[in-house]
1. Out of Gly25, Gly80, Gly72, which single residue is surrounded by fewer than 19 Cβ atoms within 10 Å (Cβ to Cβ), within 26 Å of Asp152 (Cβ to Cβ) and not hydrophobic (A, V, I, L, M, F, W, C)?
2. For segment 140-155, which residues satisfy the criterion of being loosely packed, with under 14 Cβ neighbours inside 10 Å and out of contact with any Asp or Glu (no Cβ under 6 Å at 6 or more places or on another chain)?
3. Scan segment 51-60 for residues that are of a type outside the set (D, E, K, R) and either touching a Pro at 6+ places or on another chain (Cβ under 7 Å) or at negative phi (or both) and jot them down.
4. With out of contact with any His (no Cβ under 9 Å at 6 or more places or on another chain), of a type in the set (Asp, Glu) and buried (at least 18 other Cβ atoms within 10 Å of the Cβ) as the only criterion, which of Asp38, Asp31, Asp10 stands out?
5. Among the candidates Arg105, Arg110, single out the residue that is closer than 23 Å to Ser47 by Cβ, modelled with pLDDT of 95 or more and in contact with a His (Cβ under 6 Å, 6 or more places away or on another chain).
6. Among the residues that make up segment 31-41, is at least one of them in contact with a Gly (Cβ under 7 Å, 6 or more places away or on another chain) and outside any strand (DSSP E or B)?
7. Looking at (1) under 20 Å from Asp10 (Cβ atoms); (2) surrounded by fewer than 21 Cβ atoms within 10 Å (Cβ to Cβ); (3) under 12 Å from the mean Cα position of the chain (by Cα), which is the only condition Gln113 fails?
Amino acid sequence: MIIRPATATDHDAIWTLLHDVFRAGETYAVDPAITKADALDYWVKASAATYVAEADGRIVGTYYIKTNQPGGGAHICNCGYIVSPAARGQGLARQMCEASQERARAMGYRAMQFNFVLSSNAGAVRLWHKLGFTTVGTIPDAFDHPKVGMVDAYVMHKALAG
């Protein structure tokens, strides 16, 4: 498994990952009918850095790092992660999150914040806690999940300095 910076030649593979997750509408607050161009703008172009995880020549995961807020909040980054269904349960999300923290530190960020972690995404919530993130806020009934109805969203934070 290698994690490397994404290139333009990876866009089709990234879109395949985004398409499946965004269409399902279960983990990201993104229009399930988002176009390829808009999805790549959201994931790649609006990011400070985008990475892919590659196994056996196939893209099996991706993540982005972006500044969470401009100006006085620019020392905190935000990240998003997607793992291919075929690669789930193999520790890839952990590897990508750990790699993103190292990269974010190298980019000068002092903290990482996840703005909208759905309470229904129990695996992600559990993993982020294991990796040292704390839940600093809860937004009640923040997301209308297509299978379970209204769910809360968590704001999660981790200091990177030190």
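The values are calculated or read from the model by the stated rules, or taken from the named source; none is laboratory data. Just so we're clear, the structure is a prediction, and the values are computed from it rather than from any experiment. Cβ coordinates were reconstructed from backbone atoms using ideal geometry, including for glycine residues, and neighbour counts include every protein chain displayed.
1. It is Gly25.
2. Selection gives Asp141, Asp144, Pro146, Lys147, Val148, Gly149.
3. Matches in segment 51-60: Tyr51, Val52, Ala53, Ala55, Ile59, Val60.
4. Just a single option satisfies the conditions, and that option is Asp10.
5. Just a single option satisfies the conditions, and that option is Arg110.
6. There is at least one residue in segment 31-41 that is in contact with a Gly (Cβ under 7 Å, 6 or more places away or on another chain) and outside any strand (DSSP E or B).
7. All conditions pass for Gln113, except number (1).
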